[in-house]
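Reviewing the structure listed below.
The values are calculated or read from the model by the stated rules, or taken from the named source; none is laboratory data. Predicted, not measured: the structure shown is a model, and the values here were computed from it. Here the Cβ positions follow ideal geometry from the backbone for every residue, glycine too, while neighbour counts run over all protein chains shown.
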Amino acid sequence: MYIYKKKYLIVKQIFLMLFFISSCSNNNNQENQLKLSDKEMYLKGLTSLQEGDFNKANLEFEKIFLNYPFSSLASRSEIMSAYSYYENNELKKAIVKLDNFIEMNPKGELTEYAHYLLAMCYYSQISSEARDSGLTVKSLNSFKLLVTKYPKTKYAKDSKLKIQFLENSLARNELHVGKFYLKKGAPASSIKRFKFILQNYQNTSVIPETLYRLTEALLIIGLKEEAIKSNAILNYNFSDNKWSDLSKKLFENNLAEVKGNELSIIDYFKNIFE
């Protein structure tokens, strides 16, 4: 019994010694970490970022803000942390961090870039097959805000290109819905969609077809004079466009004479969708 007890005490002492050594080692590591300056931490973060280790980079940038909150690198480290999230496709985390940064630094040196990166976070989530336009609208509004607040900065030019692309995307989506209503025999609903495009997306590539589809819908419900106006606008502004040529055929075939002929017009429009 005494031998077993002695062995137990020896094992216990060895365990305690190992634990003590381990604790000392951890404390030394922590002390070494704290001894790093804000600049050294920042450079470590940049190195990890260049190596593609975004999680490690983010940890280094976060340490600067925690250990040196009043450092000149603290704000920059917050932006780099958000950028690390962005590169690691953790976009929701990046958005939260950027929103907080912009709120705390409305006129800061890096706020312009924060707005741009925030817009890019929304932009990166947009799918060409997505039905929900919510992210497109958020991205569009973010780019418009940047162009409004910082019109002469280096990010404004790219933002303007993104705005044009996003507006075209939203306009195409509205046109698609309007054509769907038209095909399903709901011209009044389609007219609302087409007029919304004309009011909000006047510089997009879908305007010629929108005017053509609007002319169709107006003819279906018997608004001849409105249809003629829509057709005139189309031919005046887009005389060499294929939709102008198609619209002329509508009136050449006497389809503008709507009274007493609603059914034949509807049949005609059903055929062009087949």
Completion exercise
Considering residues that are polar (S, T, N, Q), surrounded by fewer than 20 Cβ atoms within 10 Å (Cβ to Cβ) and within 18 Å of the chain's Cα centre (by Cα), the number found within the stretch 71-99 is 2
Practice task
Show the residue pairs that are 6+ apart or on different chains and have beta-carbon atoms under 6 Å apart, the first residue being within the stretch 158-175 and touching a residue at least 40 places away in the same chain (Cβ under 8 Å), the second being surrounded by fewer than 17 Cβ atoms within 10 Å (Cβ to Cβ).
Solution key: N173/S133
Exercise for the section: Would you check if Y181 is closer than 18 Å to N237 by Cβ and not basic (K, R)? Expected result: no
Practice task
Identify the residue in the stretch 191-213 that is touching a Lys or Arg at 6+ places or on another chain (Cβ under 7 Å) and part of a helix (DSSP H, G or I) and, among all such residues, is farthest from S169 (Cα to Cα).
Solution key: R213
Problem - Long-range neighbours under 6 Å by Cβ, at least six apart or interchain, first residue farther than 23 Å from I126 by Cβ within the stretch 88-109, second among the polar types (S, T, N, Q) and assigned to a helix (DSSP H, G or I) - result: N105/T111
Exercise for the section: Return the only residue of K154, K162 being charged (D, E, K, R), touching a helix residue (DSSP H, G or I) at 6+ places or on another chain (Cβ under 6 Å) and under 25 Å from N89 (Cα atoms). Expected result: K162
Handout entry: Residues within the stretch 40-87 that are among the hydroxyl-bearing types (S, T, Y), in contact (Cβ under 8 Å) with a residue 12 or more places away in the chain and assigned to a helix (DSSP H, G or I), tallied
Key = 9
Practice task
Using the structure shown, decide if M80 is among the aliphatic types (A, V, I, L, M) and out of contact with any helix residue (DSSP H, G or I) (no Cβ under 7 Å at 6 or more places or on another chain).
Solution key: no
Practice task
Please indicate, with yes or no, whether at least one residue in the stretch 143-151 is basic (K, R) and closer than 26 Å to A119 by Cα.
Solution key: yes
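Only one of T148, T136, T153 is buried (at least 19 other Cβ atoms within 10 Å of the Cβ), of a type in the set (S, T, Y) and over 21 Å from F54 (Cα atoms). Can you tell me which?
On the way: T148 fails: buried (at least 19 other Cβ atoms within 10 Å of the Cβ); T153 fails: buried (at least 19 other Cβ atoms within 10 Å of the Cβ).
Sole residue among the options that is buried (at least 19 other Cβ atoms within 10 Å of the Cβ), of a type in the set (S, T, Y) and over 21 Å from F54 (Cα atoms): T136.
I'd like to check something: does the stretch 114-133 contain any residue that is of a type in the set (D, E, K, R) and surrounded by 15 or more Cβ atoms within 10 Å (Cβ to Cβ)?
no
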Fill in the blank from the handout: Reported set for the stretch 176-188 where residues are in contact (Cβ under 8 Å) with a residue 24 or more places away in the chain and not charged (D, E, K, R) is G178, L182, G185, P187, A188
Practice task
Would you confirm whether any residue within the stretch 258-270 is within 38 Å of the chain's Cα centre (by Cα) and at pLDDT below 85?
Solution key: yes
Problem - Those residues of the stretch 120-172 which are outside any helix (DSSP H, G or I) and within 9 Å of the chain's Cα centre (by Cα), in sequence order - result: S124, Q125, I126
